[in-house]
Amino acid sequence: MLIDLFTDKTGIALGRALDGLARRQKVIANNIANAETPGFHRSEVNFESDLSAALATRPTAAAKKKLHELKPTVQMDMQSPERPDGNNVNIDKEMADLTKTGLSYRAATTLLELKGSILRYVINGR
């Protein structure tokens with residue numbers, strides 16, 4: 001029972017979200033670093049739909065199992081328009097995505113900190 005305080009569905013989901021967002025930041029940084037590399041195609045990290053599906057799973061034990069197995073996937077973007085040199089990185093889009101990802105990471109971190117504060121309050125009584 002006590003272990004469930006630290007490995008509940010919400011905590012696991014926030015951890016997986018942080019993993020996915022960290023992976024996305026690395027991929028975006030790689031896209032930015034290769035913005036001028038001829039023939040380079042940008043990549044994207046997708047995990048939100050899998051995270052939502054895992055959270056919607058019933059019962060809770062099955063949801064936890066799916067959350068533990070969740071891995072963010074990196075996919076090459078072959079749909080975005082290419083420049084004449086074959087590169088499809090749009091630096092403005094990458095910078096906007098990097099900012100959005102950073103804000104999402106910070107929000108998830110804040111939620112985990114708040115969860116920890118609540119647990120600390122319950123345990124210590126203050």
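Observations on the structure shown:
- Cα-only Debye scattering, segment 66-116: base-10 log of I(q)/I(0) at q = 0.15, 0.23, 0.29 Å⁻¹: -0.67, -1.00, -1.09
- Proximal charge balance of E69 [Cβ under 13 Å; K/R count +1, D/E count -1]: +3
- Entry comment: accessible area of segment 1-106 is 62 Å² per residue, from protein heavy atoms only and a probe of 1.4 Å.
- Cα-based Kirkwood hydrodynamic radius, segment 27-126, one decimal, Å: 16.5
- Carbon/sulfur fraction of accessible area - segment 1-118, other protein chains in place, 1.4 Å, %: 61
- Segment 30-103, relative contact order in percent, only Cα pairs under 8 angstrom and at least six apart counted: 45
- In the elastic network of the chain, a GNM with C-alpha springs shorter than 10 Å, the most mobile of S43, S104, S52 is S52.
- In this simple spin-label approximation, E36 and K9 carry label points 7 Å from Cα along the Cα→Cβ vector, and these lie 5.0 nm apart.
- Largest-first ordering by accessible area, 1.4 Å probe, given options H41, H68: H68, H41
- Using alpha carbons only, the radius of gyration of segment 1-69 set against its Kirkwood radius gives Rg/Rh = 1.18.
- Ranked by how many other beta carbons lie within 10 Å on average, peptides 28-35, 116-123 from highest: 28-35, 116-123
- Spin-label pair D77/T60, simplified geometry with 7 Å Cα→Cβ offset, distance in nm: 3.9
- Size of electric dipole in the chain: Cβ of Lys, Arg +1 and of Asp, Glu -1, about Cα centre, debye, nearest 20: 720
- Across the chain, Cα pairs under 8 Å and at least six residues apart give a relative contact order of 35 percent.
- The V122 and N46 beta-carbon pair, evaluated with R₀ = 41 Å, returns a calculated FRET efficiency of approximately 0.70.
The values are calculated or read from the model by the stated rules, or taken from the named source; none is laboratory data. Remember, predicted model here, so these are calculated numbers, not experimental data. Here Cβ is always computed from backbone atoms with ideal geometry, including for glycine, and neighbour counts include all displayed protein chains. All accessible areas refer to the heavy atoms of the entire protein, side chains included, with ligands and DNA or RNA removed. Shrake-Rupley method; radii C 1.70, N 1.55, O 1.52, S 1.80 Å.
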